[in-house]
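Before I ask anything, here is the structure I am working with.
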């Protein structure tokens, strides 16, 4: 047989390669999904930005000084005993400690939550906009909800531990009266503002004191009592505490909250509590040392009196003893050494209470004490060389002077400690107190809206690719050829003009809507012309001139292909008959603006075909519409009358094109295909997974219908660009 030239569509790209155009194609084809998701996320983000309760930030600045310089300058080394240096990290932990935070929770009643009951979703927003100067009027007659201006302060609210975090309801009445309703709906107690009221429920006693209540009668408030320990832990976690600059000694404390005034109050209370505990700690140290000195002073005074009594008794017995110059010098050395020794021993007692024996300061002090003790031993040995009377006088006089020196020094130290205690201000101070914020730190409306738009686009794009991966269809004609082993006769590009024509059909516009007639130079029609060329050679070895066009499922473009292929073939001076064999949902008549009946079903039922065929709807093109809706379309197609009719029109026309129902929906297409010389399967770009296409081909094969080829429709025009697809020329020899 002579060689046959086939002009058919070929995909020149490698099936394993991934091109940027593939990604752009997925995005372009799913632009509606992307826009829908992006718009939804943007709307949600915008609503959040304007409806979400604003969050304010309160912060304070605390300075930790190295020492109380003024006191140290005035009192010298004694004041430095109490200047315990702490690192910034240690001070941060002290600020966050349960000692400080727990006192704040207790003093501000942070474990008690009392909030107005707002109307769901919009109530809180309306209340914020209404302001707080006066009570807003209730909307919709819903007086039990708060609409703005309501205030409540609860000083005491004690419930059984098992009722922690349970929501009680307080109902305001006139005359500062109220009722408290437990979570079970039972009234627990009645009370009025300012009084401590006690009641009981099955779980245990309930105690409540409302110190302030401003609300319309009937307005409800939600009360919740939380665990003090858990509230303290939550506040500790919420605090942000950090040194402003490394080793600066300046610490910042901040907290975020919905109530700007309340948040600032919490921060200021924490700062004040921390400063006070610092002062209390240093005052306690001074008090402890002063108490020790007060205990030692009477003993030293007693020792001094006893030493003086012994010395006076000696003088009464022996008379006045004149000491030599050497003895007086030795006495002074003994007194100085003994005084230093006693002072260092006192320091040793203080240091051993604060440090371990291995501390360098303790070790150095022990060495000095040992040196002074050795010096005392040497001096005592020198005293033993003196005459007996002079030795006794020297020892007694030594005791008097040493005890006098010790008592005087200790008394002076006690007086200085009293001054230190009275002037103790601590080594920390609040540099900046927190103030109620006017501008919320979040949500940042502009940022939220921008992020919502970006996230919406990202989510939409991801959804598009996920949908393409899970439910996307074949987008590569070469893949169809490789799997089915059949040629793809044509790739028909997407046409915006056809979209508008289709919309006009659905809206009931009169006249014909055939793209090949209205826009003969449309890119989609150019693709169909390539199909016409291929069919001219393909029909040479066909059993007859009947062409069946079918598809796996609805909305794949088979009716569009049938109508416009018929119009293109008719424009080539061939007599064409177009048959609408979809007697259930066919709409070929809508393309031409004609009635659907009489038609095919009526002809099979016995009507003369000449009465049903619409002549010259377009030049050289006749149409047989679907006709009346029969109860059994499949049985009509199986009848001998249908075959006889098809043979008859085949002899009258150059080409007969039959548009059939979807192949996977009903069996009509397979029944019609038995009588056709050429059967073509319409596959829409990106709509059919390969298993669906294979199933369609198998159903035709199972009933003995040979599928001639595939028509690839609605292909994005960018997919037809250079380097991806082209119209190739291919020769095949018999």
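The values are calculated or read from the model by the stated rules, or taken from the named source; none is laboratory data. All figures in this text were calculated on a predicted structure; none of them were measured in a lab. Heads up, the Cβs are rebuilt from the backbone with ideal geometry, glycines too, and the neighbour counts pull from every protein chain shown.
Hey, can you tell me all the residues within the range 699-717 that are more than 10 Å from residue 551 (Cα to Cα) and within 50 Å of the chain's Cα centre (by Cα)?
Scanning the range 699-717 gives 712, 713, 714, 715, 716, 717.
To continue, here is another question. For residues in the range 144-165 being assigned to a loop (DSSP other than H, G, I, E, B) and buried (at least 16 other Cβ atoms within 10 Å of the Cβ), which is farthest from the chain's Cα centre (by Cα)?
159
Of all residues in the range 217-243, count the ones that are part of a helix (DSSP H, G or I) and more than 26 Å from residue 189 (Cα to Cα).
9
Could I ask something else about it? Across the range 527-546, what is the total count of residues that are in contact with a strand residue (DSSP E or B) (Cβ under 7 Å, 6 or more places away or on another chain) and within 11 Å of residue 711 (Cβ to Cβ)?
So the answer is 5.
While we're looking at this one, here's another question. Considering only residues that are modelled with pLDDT of 70 or more and surrounded by 17 or more Cβ atoms within 10 Å (Cβ to Cβ), look in the range 417-429 and name the one that is nearest to the chain's Cα centre (by Cα).
In this case the residue turns out to be 428.
While we're looking at this one, here's another question. Filtering the range 495-521 down to residues that are touching a strand residue (DSSP E or B) at 6+ places or on another chain (Cβ under 9 Å) and assigned to a loop (DSSP other than H, G, I, E, B), which residue is modelled with the lowest pLDDT?
512
From the list 504, 527, exactly one residue is free of Cβ contacts under 8 Å to residues at least 24 places away in the same chain and either under 52 Å from the mean Cα position of the chain (by Cα) or farther than 24 Å from residue 681 by Cβ (or both). Which is it?
None of the other options fit; the residue is 504.
Let me ask something else about it. Any idea which of 375, 353, 381 is without any contact (Cβ under 8 Å) to a residue 40 or more places away in the chain, out of contact with any strand residue (DSSP E or B) (no Cβ under 9 Å at 6 or more places or on another chain) and surrounded by 12 or more Cβ atoms within 10 Å (Cβ to Cβ)?
After ruling out the rest, the residue left standing is 375.
Out of curiosity, is residue 199 modelled with pLDDT of 90 or more, farther than 30 Å from residue 413 by Cα and assigned to a loop (DSSP other than H, G, I, E, B)?
In short, no.
Filter the range 381-413 down to the residues that are out of contact with any helix residue (DSSP H, G or I) (no Cβ under 8 Å at 6 or more places or on another chain) and closer than 26 Å to residue 313 by Cβ, then identify the one that is modelled with the highest pLDDT.
By that ranking, first place goes to 408.
On to the next question. Just to be sure before I move on: is residue 453 in contact with a helix residue (DSSP H, G or I) (Cβ under 8 Å, 6 or more places away or on another chain) and either free of Cβ contacts under 8 Å to residues at least 40 places away in the same chain or not assigned by TED's automatic domain parsing to the domain that holds residue 545 (or both) in the structure I sent?
yes
Next up: Please pick out the residue among 194, 141 that is under 21 Å from residue 111 (Cα atoms) and surrounded by fewer than 15 Cβ atoms within 10 Å (Cβ to Cβ). Walk me through how you get there before you give the answer.
Working: 141 fails: under 21 Å from residue 111 (Cα atoms).
Just one listed residue meets the conditions, 194.
I need a count of the residues in the range 219-248 that are touching a helix residue (DSSP H, G or I) at 6+ places or on another chain (Cβ under 9 Å) and within 15 Å of residue 60 (Cβ to Cβ).
5
Separate question: Within the range 437-455, track down each residue that is buried (at least 16 other Cβ atoms within 10 Å of the Cβ) and in a loop (DSSP other than H, G, I, E, B).
Passing the criteria: 437, 440, 443.
Further, regarding this structure: Quick one: which residue in 569, 565 is touching a strand residue (DSSP E or B) at 6+ places or on another chain (Cβ under 6 Å), in a helix (DSSP H, G or I) and touching a residue at least 12 places away in the same chain (Cβ under 8 Å)?
Only one candidate qualifies: 569.
Can you name every residue in the range 614-655 that is assigned to a loop (DSSP other than H, G, I, E, B), in contact with a helix residue (DSSP H, G or I) (Cβ under 9 Å, 6 or more places away or on another chain) and surrounded by fewer than 21 Cβ atoms within 10 Å (Cβ to Cβ)? I'd like the intermediate steps shown before the answer.
Our first condition is that a residue be assigned to a loop (DSSP other than H, G, I, E, B); within the range 614-655, this holds for 619-620, 625-632, 639, 653-654.
When the remaining residues are screened for being in contact with a helix residue (DSSP H, G or I) (Cβ under 9 Å, 6 or more places away or on another chain), the result is 619-620, 625-630, 639, 654.
Correct list: 619, 620, 628, 629, 630, 639, 654.
Sort out which residues of the range 149-168 are in contact with a strand residue (DSSP E or B) (Cβ under 6 Å, 6 or more places away or on another chain) and closer than 30 Å to residue 134 by Cβ, and write them in order of number.
Of everything in the range 149-168, those that are in contact with a strand residue (DSSP E or B) (Cβ under 6 Å, 6 or more places away or on another chain) and closer than 30 Å to residue 134 by Cβ turn out to be 150, 151, 152, 153, 154, 155, 156, 157, 167, 168.
Here's another thing I want to ask about it. Taking residue 209, is it within 30 Å of residue 236 (Cα to Cα), in contact with a helix residue (DSSP H, G or I) (Cβ under 6 Å, 6 or more places away or on another chain) and either assigned by TED's automatic domain parsing to the domain that holds residue 239 or part of a loop (DSSP other than H, G, I, E, B) (or both)? Quick ask: steps written out before the conclusion?
On the way: within 30 Å of residue 236 (Cα to Cα): yes; in contact with a helix residue (DSSP H, G or I) (Cβ under 6 Å, 6 or more places away or on another chain): no; either assigned by TED's automatic domain parsing to the domain that holds residue 239 or part of a loop (DSSP other than H, G, I, E, B) (or both): yes.
No; evaluated as a whole, the condition is false for this residue.
Then there's this: Filter the range 88-135 down to the residues that are more than 27 Å from residue 428 (Cβ to Cβ), over 29 Å from the mean Cα position of the chain (by Cα) and not in a helix (DSSP H, G or I) and list them by number.
131, 132, 133, 134, 135
Out of (1) within 48 Å of the chain's Cα centre (by Cα); (2) surrounded by fewer than 18 Cβ atoms within 10 Å (Cβ to Cβ), what's the single condition that is false for residue 544?
Status for residue 544: all satisfied but (1).
Limited to the range 169-182, what total is found for residues that are surrounded by fewer than 14 Cβ atoms within 10 Å (Cβ to Cβ) and either assigned to a strand (DSSP E or B) or touching a strand residue (DSSP E or B) at 6+ places or on another chain (Cβ under 9 Å) (or both)? Don't jump to the end; show me each part of the working.
Start the filter on the range 169-182 by keeping residues that are surrounded by fewer than 14 Cβ atoms within 10 Å (Cβ to Cβ), which leaves 174-175.
With either assigned to a strand (DSSP E or B) or touching a strand residue (DSSP E or B) at 6+ places or on another chain (Cβ under 9 Å) (or both) added as a condition, the list becomes 175.
Summing the residues that are surrounded by fewer than 14 Cβ atoms within 10 Å (Cβ to Cβ) and either assigned to a strand (DSSP E or B) or touching a strand residue (DSSP E or B) at 6+ places or on another chain (Cβ under 9 Å) (or both) in the range 169-182 gives 1.
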